[in-house]
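Shown next, in structure tokens, is the structure this report addresses.
The values are calculated or read from the model by the stated rules, or taken from the named source; none is laboratory data. Quick caveat: nothing in here was measured; it's all calculated off a predicted structure. Please note: Cβ atoms are built from the backbone with ideal geometry, for glycine as well, and neighbour counts cover all protein chains shown. These accessible areas exclude ligands, DNA and RNA; they are computed on the full protein's heavy atoms, side chains included. Shrake-Rupley method; radii C 1.70, N 1.55, O 1.52, S 1.80 Å.
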Amino acid sequence: MFIDLHMHEMRNSGDSFLALEEIVEIAKKKGLDAICITDHDNMDIREFAREYSRKIGFPIFVGIEFYSLQGDIIAYGIDDYPRERISAQAFIDLVREQGGVCYSAHPFRNNRRGMEEHLDEVTGLSGIEVLNGSTHRDACLTAASYAKKLNLIPVGASDCHVPEKVGVCATYFPMEIRSEEDLVQAFKTGGMKPAYYENGAYHIVDMDAPEADFPDEVWMKKE
């Protein structure tokens, strides 16, 4: 199944132009099987998302994109999170203490919000975002090389803030994900692969040859 793991909703991410209802509508049209809302430094949408998910019968999970002192980290499976910036390692440790999982978001994007070489300094990450819908191909390829070097799960996500970006990148899961607990367990089990949307379908990236298989920034095109 395909899940977009990194999405921003306008109620709690001030830079997003997307309501949850519109995100779900577009996600379904593109063939996503579930979505994850990961707003900036908060999880305030969780109860609304849970109720809406039950109402429409479509899996919606809520995580967080936390801006650590070393860069953005996506986390799932937590209830408590810092209200101020702390180090990446301290945040990772907090997530793991709660039984959650986390990965580095767009680590080499050129806006200085990625972890970059700090990836070498931390322990406890489960994955690295190697396809991001707002990050150029070269930066994504660098992230892919780090995922391989550090033996971390390579994932893909749209990081959408506007309608045309919803679902442009996603992650393929070989197992069924029907709950947040399933999602957390999947990151502990592994086996996921990044994917991108093109010509009406998702294409799984061959991580053995990412230079040949990574798209030429298809997510920059409007569907």
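Treating each Cα of the stretch 1-44 as an identical point scatterer and summing with the Debye formula, the log10 of I(q)/I(0) at q = 0.22, 0.25 Å⁻¹ comes to -0.70, -0.85. A simple charge model with +1 on the Cβ of Lys and Arg, -1 on the Cβ of Asp and Glu and nothing else charged puts the dipole of the stretch 23-73 at about 400 debye relative to its Cα centre. Using only Cα coordinates, the Kirkwood hydrodynamic radius of the stretch 131-196 works out to 12.7 Å. Using only side-chain charges placed at the Cβ, +1 for Lys and Arg and -1 for Asp and Glu, the dipole size of the chain relative to its Cα centre rounds to 240 debye. Per residue, the chain exposes an accessible area of 43 Å² to a 1.4 Å probe, with every protein chain left in place.
Report note on the peptides 126-133, 48-55, 36-43, 85-92: ranked by the mean count of other C-beta atoms within 10 Å, highest first, their order is 126-133, 36-43, 85-92, 48-55. All alpha carbon pair distances within the chain were sorted into 10 Å bins beginning at 0; the resulting P(r) in whole percents reads 9, 39, 40, 12, 0. Here, the stretch 1-76 has an Rg and a Dmax of 12.0, 38 Å when only alpha carbons are counted. For the stretch 8-122, a simple Cβ point-charge model (Lys and Arg +1, Asp and Glu -1, everything else neutral) yields a dipole of about 420 debye relative to the Cα centre.
Beta-bridge orientation, the stretch 37-140: approximately 70 percent antiparallel, per DSSP, counting only bridges with both partners inside. Distance between the C-alpha centres of the stretch 150-223 and the stretch 32-62: 18 Å, rounded to the whole angstrom.
Considering only Gly127, Ala186, Gly100, the residue lying farthest towards the positive end of the dipole of the chain is Ala186, judged by Cα position with unit charges set on Cβ.
Contact order for the chain, expressed relative to its length and based on alpha carbon pairs under 8 Å spaced 6+ residues apart, stands at 20 percent. For the chain, the fraction of 1.4 Å probe accessible surface lying on carbon and sulfur atoms is 46 percent. Of all DSSP bridge pairs formed entirely within the stretch 1-83, close to 40 percent run antiparallel. Percent of Cα pairs in the stretch 43-92 per distance bin of 10 Å, from zero to the largest separation: 24, 45, 22, 9. Secondary structure note: in the chain, about 55% of the DSSP beta bridges are antiparallel. Taking amide hydrogens as placed 1.01 Å from N in the peptide plane, the amide H of Ile64 sits under 5 Å from those of Ala75, each at least 5 positions away in sequence or on another chain.
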